[in-house]
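The values are calculated or read from the model by the stated rules, or taken from the named source; none is laboratory data. No experiment lies behind these values; they were computed from the predicted model shown. Cβ coordinates were reconstructed from backbone atoms using ideal geometry, including for glycine residues, and neighbour counts include every protein chain displayed.
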Number of protein chains: 2
Amino acid sequence: MSDGPKEGCWVGFDLGGTKMLAKVFDKDFKGLGQERKKTKAHEGMEAGMARMVHTVEKALEAAGVAKDQVAGIGVGSPGPLDLKRGMILTTPNLGWQNAPLKDTLEQAFGCPVVVANDVDAGVYGEYRFGAGRQARCVVGIFPGTGIGGGCVYEGRLIQGAVHSFMEIGHIPLVPGGPLCGCGRRGCLEAVASRLAIASAAAAAAFRGEAPHLLEAAGTDLANIRSGALAASVAAGDAAVEQIVREAARWLGRAVAVVVNLMGPDVVVLGGGLVDAMPALYKEEVGRAARQQVMPAFEETFMIEVAELGDDATVTGAAALARDLVVGRA
Amino acid sequence: MSDGPKEGCWVGFDLGGTKMLAKVFDKDFKGLGQERKKTKAHEGMEAGMARMVHTVEKALEAAGVAKDQVAGIGVGSPGPLDLKRGMILTTPNLGWQNAPLKDTLEQAFGCPVVVANDVDAGVYGEYRFGAGRQARCVVGIFPGTGIGGGCVYEGRLIQGAVHSFMEIGHIPLVPGGPLCGCGRRGCLEAVASRLAIASAAAAAAFRGEAPHLLEAAGTDLANIRSGALAASVAAGDAAVEQIVREAARWLGRAVAVVVNLMGPDVVVLGGGLVDAMPALYKEEVGRAARQQVMPAFEETFMIEVAELGDDATVTGAAALARDLVVGRA
């Protein structure tokens, strides 16, 4: 145990489909220690929540912080969630139903617990400490296997009464467009997610139009991850670059929708695809967005790449807990 | 002059392209008196702002309220506006440039003046006293000659740093769709405004497919107002009904976009077209929206028809001034 004062520490928790991460912050949001474990969702909900408690305990140990020095815990979780009750209603990723995250952690640690959508927590992190610092209105868009998004408007996360909202991935963009995982057609996610890109790129590879991708990753979507796509573009697979840029332009159109509606000062792009190709995304999304927003709004917003990486959700979840419990500094 | 106490009265002002309206409210937002004048925008900006001052003076006279009993004035104005400076930057409707509404009225009446976009003010009115009363998140959509919209989220109007935003009419809905007045293609306004409907209906009338409309209004768009469209539908012009319903379905798609992003509890529909055909709009917009939102959100929102009519903007502007000056009750 270190001997500095640890009163008012905050814990952020990122519950993912394959791994979970707990990180402990001091009152100035300096990271003190963390713990990462596999989620092992298949072991079931009870076991999973016990693992969550244990992960927080190990993170506190690593940080040299005692239970009674924890002022609050923020959890970023996949959903849909019941925000007020701090409960996972159901998750395709985890297979858990009605998981009482808030109650479980409050009982275990005796402090207030705030549960938010994992992407919302990440956007909140970028708003407080990352690429959206101090902005009046920040919109975050994170294209990966799916496409998540969130918005912090004048310090508040835009959420629904019960559920999280800001389903940027399900903006209907293409009337009669390709089928989306949500059951509708032509959603942003159906034309711009990593899965949409990988499908088109795999077809290009199969047709012999993407030799580098074919050699490196074959035609199995499971292997055509963001890194493989970036490597293929860098190696000169023009067909793949065209596919990625087209997806980025759809993302730009979604940005235009959000700019016309919310007037963000900063749009933060993050997630696997952007991490792998930040310059391409910043350029293509920015150009497409400016071509499609109302002409008067072309210069009202900036496009930035996320800064916090894998720490966005734990940082944002902890900061959200702090800001809801204590009020903004 | 009546002799009841009049301290803390609020004035709402609606600056329109053809007429202006000032209405005086007591502290409980009972209307005490009002004055309506033609805008006569062609007489220029200075004359126009002098008419505004005079209109407020006449409304106060009608209400039996002295200048020094006015706690604040709220103005709903067409834009684009500089919200902080309370200034019209430019208005196609009025032809005014850099009109200092806030400064002019503050000087004339010696009280705080708040300037907001006219549609935003109307949505705020519906949020405080109309169809969106007490809702956590209200979105208003007002299809008329153009299509305006606004959102009140947890008591706050969603606005930009400088300009008003929430340009629902310019959500890009149809890739490569018809040209919009804003210069882009396929905006909601280009497929669902009164003008879009009237153009299609005029063509139907010209082709002999809308006999009632042809007889009542001819093929001149200037005559094919919302009332004429409603009468034509009521009289059995099937082609016109089909055109209106298709436009309403586009509106429903825009509602789906907004629901997926903002999670409103209530979507309020108003404006000329909805006033003329409330049942048709409520039904068609509601059905189309529910078919296009994320399946999980189908039951999260209500569609309501606006309740305040022509008073929405004056009421909302006055209430906004009150809430910004005094804080929410």
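Does region A:234-270 hold any residues that are more than 14 Å from chain B (Cβ to nearest Cβ) and farther than 11 Å from A:Y281 by Cβ, and which are they?
A:A234, A:A235, A:G236, A:D237, A:A238, A:A239, A:V240, A:E241, A:Q242, A:I243, A:V268
Taking strands (runs of 3 or more DSSP E) that fall entirely within region A:1-113, which contain at least 1 residues that are buried (at least 23 other Cβ atoms within 10 Å of the Cβ), in contact (Cβ under 8 Å) with a residue 12 or more places away in the chain and among the polar types (S, T, N, Q)? Full working, then the answer.
Working: elements: A:9-15, A:19-25, A:31-38, A:70-77, A:87-90, A:97-99.
So the answer is A:70-77.
Taking into account only those residues within region B:145-160 that are in a loop (DSSP other than H, G, I, E, B) and within 7 Å of chain A (Cβ to nearest Cβ), which is surrounded by the most Cβ atoms within 10 Å (Cβ to Cβ)? Write out each step before concluding.
Step one: filter region B:145-160 for residues in a loop (DSSP other than H, G, I, E, B), giving B:145-146, B:154-155, B:158-160.
This time we only want the ones that are within 7 Å of chain A (Cβ to nearest Cβ), so: B:154, B:158-160.
Details: B:E154: 12, B:I158: 25, B:Q159: 23, B:G160: 22.
Checking each candidate, the answer is B:I158.
Name every residue in region A:28-58 that is farther than 16 Å from A:Q107 by Cα and in contact with a strand residue (DSSP E or B) (Cβ under 7 Å, 6 or more places away or on another chain), in order of residue number.
A:G31, A:L32, A:G33, A:Q34, A:E35, A:R36, A:K37, A:K38, A:T39, A:M45, A:K58
Considering only region A:161-173, I want to know if a residue exists there that is over 24 Å from B:L188 (Cα atoms), buried (at least 21 other Cβ atoms within 10 Å of the Cβ) and either in contact (Cβ under 8 Å) with a residue 24 or more places away in the chain or touching a Lys or Arg at 6+ places or on another chain (Cβ under 7 Å) (or both).
If we filter region A:161-173 for residues that are over 24 Å from B:L188 (Cα atoms), which is where we start, we get A:161-164.
Now restrict to residues that are buried (at least 21 other Cβ atoms within 10 Å of the Cβ): A:164.
Among the residues that remain, those that are also either in contact (Cβ under 8 Å) with a residue 24 or more places away in the chain or touching a Lys or Arg at 6+ places or on another chain (Cβ under 7 Å) (or both) are: A:164.
Yes, there is a match, as at least one residue in region A:161-173 is over 24 Å from B:L188 (Cα atoms), buried (at least 21 other Cβ atoms within 10 Å of the Cβ) and either in contact (Cβ under 8 Å) with a residue 24 or more places away in the chain or touching a Lys or Arg at 6+ places or on another chain (Cβ under 7 Å) (or both).
Hey, does region A:288-302 have a residue that's under 20 Å from the mean Cα position of the chain (by Cα) and not basic (K, R)?
First, the residues of region A:288-302 that are under 20 Å from the mean Cα position of the chain (by Cα): A:302.
With not basic (K, R) added as a condition, the list becomes A:302.
Yes, region A:288-302 contains a residue that is under 20 Å from the mean Cα position of the chain (by Cα) and not basic (K, R).
What helices (runs of 4 or more DSSP H), lying completely within region A:233-329, carry at least 1 residues that are in contact with a Gly (Cβ under 6 Å, 6 or more places away or on another chain) and outside the structural domain of A:M166 (by TED's automatic domain parsing)?
Details: elements: A:238-262, A:272-276, A:278-292, A:312-326.
Those helices (runs of 4 or more DSSP H) span A:312-326.
So the check is Cβ under 6 Å with 6+ separation or different chains; which pairs have a first residue in region A:175-190 that's under 16 Å from A:V257 (Cβ atoms) and a second one that's in a loop (DSSP other than H, G, I, E, B) and of a type in the set (A, V, I, L, M, F, W, C)?
A:G186/A:L173; A:G186/A:V174; A:C187/A:C180; A:L188/A:I171; A:L188/A:L173; A:E189/A:C180; A:A190/A:C180
Please tell me if B:A289 is within 14 Å of chain A (Cβ to nearest Cβ) and surrounded by 23 or more Cβ atoms within 10 Å (Cβ to Cβ). I'd like the intermediate steps shown before the answer.
On the way: within 14 Å of chain A (Cβ to nearest Cβ): yes; surrounded by 23 or more Cβ atoms within 10 Å (Cβ to Cβ): yes.
Here the answer is yes, as B:A289 does meet what is asked.
So which residues in region B:161-199 are within 20 Å of the chain's Cα centre (by Cα), in a loop (DSSP other than H, G, I, E, B) and more than 10 Å from chain A (Cβ to nearest Cβ), if there are any at all?
Answer for region B:161-199, where residues must be within 20 Å of the chain's Cα centre (by Cα), in a loop (DSSP other than H, G, I, E, B) and more than 10 Å from chain A (Cβ to nearest Cβ): B:G181, B:S193.
Looking at B:G140, B:G130, B:G150, which one is under 9 Å from the mean Cα position of the chain (by Cα) and closer than 9 Å to B:V268 by Cβ?
Working: B:G130 fails: under 9 Å from the mean Cα position of the chain (by Cα); B:G150 fails: closer than 9 Å to B:V268 by Cβ.
The conditions single out B:G140.
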